[in-house]
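S.K.: Supplied in structure tokens, the structure appears directly below.
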Amino acid sequence: MAGHSSSIFINSVNNASPPTVAPAFADLLHPGEIESLRSLSRIAWRYTRIKNAKRSLCAPNNEGQISKYLSALYATLNTILKTEYEELVIETEARIIKRDDA
């Protein structure tokens, strides 16, 4: 969920689309479980793309300047990811480990 690779998923070419559930695992899972994993892979894929966007958003232009607006946008997105999303990932993983159904 935090964008780390896993043997459960197969990445697309050039990571152009979210990873899919590996066929070896898909045969063992309920369709609802497969859909949940697909949803989680889309979330993780988007998270990774946002985290990696800094390279292009905050890169200097032809004049060597960095856009203040894009830097502010990335800083805000990064703050949201750190304060809300990453904490939610930790809570969710802790619930999974404890086998909490909530």
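The values are calculated or read from the model by the stated rules, or taken from the named source; none is laboratory data. Just so it is clear, the model here is predicted, and its values are computed rather than measured. Please note: Cβ atoms are built from the backbone with ideal geometry, for glycine as well, and neighbour counts cover all protein chains shown. The accessibility values were calculated without ligands, DNA or RNA, using every heavy atom of the protein model including side chains. Shrake-Rupley method; radii C 1.70, N 1.55, O 1.52, S 1.80 Å.
S.K.: Give me the 1.4 Å probe accessible area per residue for the chain, excluding ligands and nucleic acids, in Å².
M.R.: In whole numbers, the chain has 77 Å² accessible per residue.
S.K.: Candidates [x] 31.5, 86; [y] 17.0, 55; [z] 13.6, 43; which is the computed Rg and Dmax of the Cα atoms in Å?
M.R.: Read-out taken from this structure: [y].
S.K.: Also, quick follow-up: Roughly how many Å is it from the Cα centre of segment 70-100 to that of segment 1-66, as a whole number?
M.R.: After rounding, the separation between the Cα centres reads 15 Å.
S.K.: Can I ask one more? Rounded to the nearest 20 Debye, what is the dipole magnitude of the chain about its Cα centre when Lys and Arg each give +1 and Asp and Glu each give -1 at the C-beta?
M.R.: In total the dipole reaches around 420 debye.
S.K.: Mind running the shape call on segment 47-102? Use the C-alpha gyration tensor, a ≥ b ≥ c as the square roots of the eigenvalues: rounded below 1.5 for a/c, prolate if a/b tops b/c, oblate otherwise.
M.R.: In terms of gyration-tensor shape, prolate.
S.K.: Which whole-number percentage describes the relative contact order of the chain, with Cα contacts under 8 Å and a sequence gap of 6 or more?
M.R.: This gives 22 percent for the chain.
S.K.: Okay, moving on. For a quick check of your reading of the filter: which trypsin sites (Lys or Arg not before Pro) in the chain sit in a DSSP loop and have no more than 15 other Cβ atoms within 10 Å?
M.R.: Passing both the DSSP loop test and the Cβ count: R99.
S.K.: Hey, another quick one. With a length cut of 24 Å (Cα positions projected on each helix's long axis) and a Kyte-Doolittle mean of at least -1.0, go through the chain and give me the DSSP H helices that pass.
M.R.: 31-52
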